1. Could you work out the Rg to Rh ratio of the chain, with Rh taken as the Kirkwood radius (inverse of the mean 1/r over all Cα pairs)?
2. Over 22 Å apart: what share of the alpha carbon pairs of the range 263-360 falls there, rounded to a whole percent?
3. For the range 251-379, what's the relative contact order in percent, using C-alpha pairs closer than 8 Å and at least 6 residues apart?
4. When all protein chains stay in place, what accessible area (Å², nearest 10, 1.4 Å probe) is found for Glu29?
5. Would you pull out the residues with amide H under 5 Å of Ala255's amide H, same chain only if 5 or more places away, H placed 1.01 Å from N?
6. Round to the nearest 10 and report in Å² the accessible area of Asp51, as given by a 1.4 Å probe over the protein chains' heavy atoms.
7. Would you work out if the range 269-313 is rounded, prolate or oblate? Take a ≥ b ≥ c from the square roots of the eigenvalues of the alpha-carbon gyration tensor; rounded if a/c is under 1.5, else prolate when a/b is larger than b/c, oblate otherwise.
8. Considering only DSSP beta bridges with both partners in the chain, what is the antiparallel share in %, to the nearest 5?
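The values are calculated or read from the model by the stated rules, or taken from the named source; none is laboratory data. Keep in mind it's a predicted model, so treat the numbers as computed, not measured. Glycine gets a Cβ as well: all are built from the backbone with ideal geometry, and neighbour counts include every protein chain shown. Accessible surface is based on the protein model in full, side chains and every heavy atom, while ligands, DNA and RNA are left aside. Shrake-Rupley method; radii C 1.70, N 1.55, O 1.52, S 1.80 Å.
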Amino acid sequence: MRITGAVLETMGAPGPFVESHPVVVRDLELDEPGSNEILVRIEAAGVCHSDLSVVTGVRPRPVPMLLGHEAAGIIEKLGHDVNDLTVGQRVIMSFLPRCEQCDACASNGKTPCEPGSVANNEGRLFDGARRIHDGERTVNHHLGVSGFASYAVVDRRSVVPVASDVPAEVAALMGCAVLTGGGAVINAGRVQPGETLLVVGLGGVGMAALLVGLAHDDVRVIGVDANAEKLVLAKELGAHETYTPDEALALGVKADLVIEAVGRSVAFESAVSMTAPGGRTVVVGLPAPDDLARFSPLRLVAEGRSVIGSYLGNCVPARDIPLFVDMWRAGRLPIERLVSSQIRLSDINAAFDALERGDALRQVIVFDQAALPGTAGTP
Ligand code: APR
Ligand code: ZN
C-alpha cells in the first residue's frame with residue numbers, strides 16, 4: 001500500500017534543519033504484514049531527542065531510515081499467527097521488542113532484550129524483515145516502529161494494547177517519555193516516601209519523571225533545566241523548587257534521588273553533584289559514545305552513593321504501561337501537559353530544530369488533519 005513517511009536520508013547534516021532538510025517526507029510503499037506482524041494506522045507520534053540523535057549522528061543508524069519510535073495507532077490488519085490482538089484496537093508502540101527467551105528478558109527490565117537490540121541496531125523488524133520501500137530502495141525501520149508515517153507494519157511484540165479511553169497523544173507518550181522518565185523514578189530509582197527527587201533536563205522524558213514524582217504525595221520534587229521556560233512549566237505542573245544548573249550548583253541543592261535526562265556528560269556531572277551523600281543518580285540520557293564525563297570514584301565510596309544506568313526506565317512495557325495508565329485515569333499523571341504543540345508530518349525538520357534549541361517539550365505529529373488547531377480540516 002502507499003503511505004506517507006518521514007525518511008532520514010543523511011546523518012550529520014548541519015542545522016538549521018529547515019534549510020538542510022535531512023528528513024524528507026515522501027510517498028513510500030509498505031508491504032503487507034507478515035507472520036507475527038500487524039498493520040497499524042498511526043494516529044499520533046511524539047518527536048523525541050532519540051530521533052534527533054539519529055539525525056545528528058549522535059546515535060548512528062543505517063540510512064535511509066523512517067524515523068519515529070514514540071507512537072500510537074489503530075490496528076488495521078493482522079498478519080498470520082497473530083491471535084491475541086484485534087483489528088480496531090488502539091496500540092502503543094514499544095521501541096524495544098522482547099523475545100522473552102534471552103537472559104536480558106529474564107532480567108525483569110534491567111537490560112534490553114538481546115535479539116531485540118540487534119534488530120533495532122540493524123534497522124529491521126524483529127523477525128528480520130524490512131517492509132518499507134522507496135522505489136528500488138529499501139528503507140530501514142527505526143527501533144522496530146517507524147512511527148513518523150501514516151501507517152506502519154510492526155512486529156506483534158512491538159505493541160502494547162491500550163483501552164480506547166486513553167487518547168492517542170497520551171498513548172503515544174506512554175511508549176517512550178513516560179516509560180523512560182517514570183520508570184527511572186519508580187523502577188530504577190525506587191523512590192521512597194519522604195525522599196527528595198531532582199530531575200536534570202526537563203524535556204519530554206525529564207518532565208514525565210517530574211510528573212511521576214509529583215504523583216507521590218510524600219515526595220519533594222525539584223526541576224533543573226538550562227532553559228528557564230522549562231522551569232516555568234515545571235512550577236505550573238507542581239514542582240516544589242526549580243533551578244537552572246548554575247543556580248542549583250551555586251546554592252548546593254541536593255536530593256536523595258537524581259534523574260539525568262539530558263544526554264550530555266556535563267549534565268551527568270551536574271546530576272552527580274546534585275545527589276546527596278548516600279543517594280542515587282539514575283542516568284537515562286543517551287550521550288554520544290565519545291562524550292566522556294569526569295568523575296571521582298572516591299566519591300562513590302566515601303559518600304556511599306550509587307550511579308545507576310537505566311534503559312527505558314527498566315520497564316517491561318506490557319507490565320508497566322497499565323500502571324501508568326491507571327495513574328493517568330486516576331488524574332494523578334496529566335500526560336497531556338507534556339504536549340507542547342501538535343504538528344504536521346511536514347513540519348518535522350522544524351520540529352527537530354526546536355528540539356535542538358531546547359525550546360520544545362513534546363511536539364506531537366497528528367495524522368488526523370481535522371485535529372490540528374486552526375486548519376479547519378484542510379490537508
Ligand atoms: N543541564 C540541564 N538541562 C539541560 C542541559 C544541561 N546541561 N542541556 C540541555 N538541557 C535541557 C534542555 O533545555 C531540554 O529541556 O535538557 C532537556 C532535554 O530535553 P529534550 O531535548 O526534549 O530530550 P528528551 O526527548 O526528553 O530526551 C532526553 O533521554 O531518551 C533520552 O535520547 C534521549 O538523551 C535524551 C534524553
Ligand atoms: Zn524516545
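1. Rg/Rh: 0.96.
2. 55 percent
3. Here the relative contact order equals 16 percent.
4. 70 Å²
5. Thr275, Ala276
6. The value for Asp51 is about 0 Å².
7. Cα axes put the range 269-313 in the oblate bin.
8. Percent antiparallel among DSSP bridges in the chain is about 60.
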